[in-house]
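Quick note: the coordinates plus some simple rules give every number you see, no bench work behind them. What you are looking at is a predicted structure, and each value in this text was computed from that prediction instead of being measured. Ideal geometry is used to build each Cβ from the backbone, glycine not excepted, and the neighbour counts take in all protein chains shown.
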Amino acid sequence: MTSSWAADDAVEPPRAADAVRRYLAMLEPEAEQPGDLSMENLEEEFVRCAAAYGTQHGLSFGDWRSAGVGAEVLWRAGITDDPGEAV
């Protein structure tokens, strides 16, 4: 079985999924700050892995925005609303 993850990706797939899940959970209005990581740390981890994770799972800029992720965070992750622009 082959993977769409490149060997030089910053975050391995299981860790990327966890980073995405934790960041999206923190966007919920009633979310409590986790004791081990600040929102800044969660956001930075999300930025490192969101593009590869989104590509693997077929997520668009609009999908991320619908989930509550800010446009600035997506741009920092290399995810744009321009379908012709590579990430």
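A few remarks follow.
- GluC sites (Glu not before Pro) within the stretch 31-70: DSSP coil, no more than 14 neighbouring Cβ in 10 Å: E32
- Cα-based convex hull volume of the stretch 24-84 per residue, rounded to whole Å³: 83
- Nitroxide proxy distance, nm - points 7 Å out along Cα→Cβ at E44 and E28: 2.6
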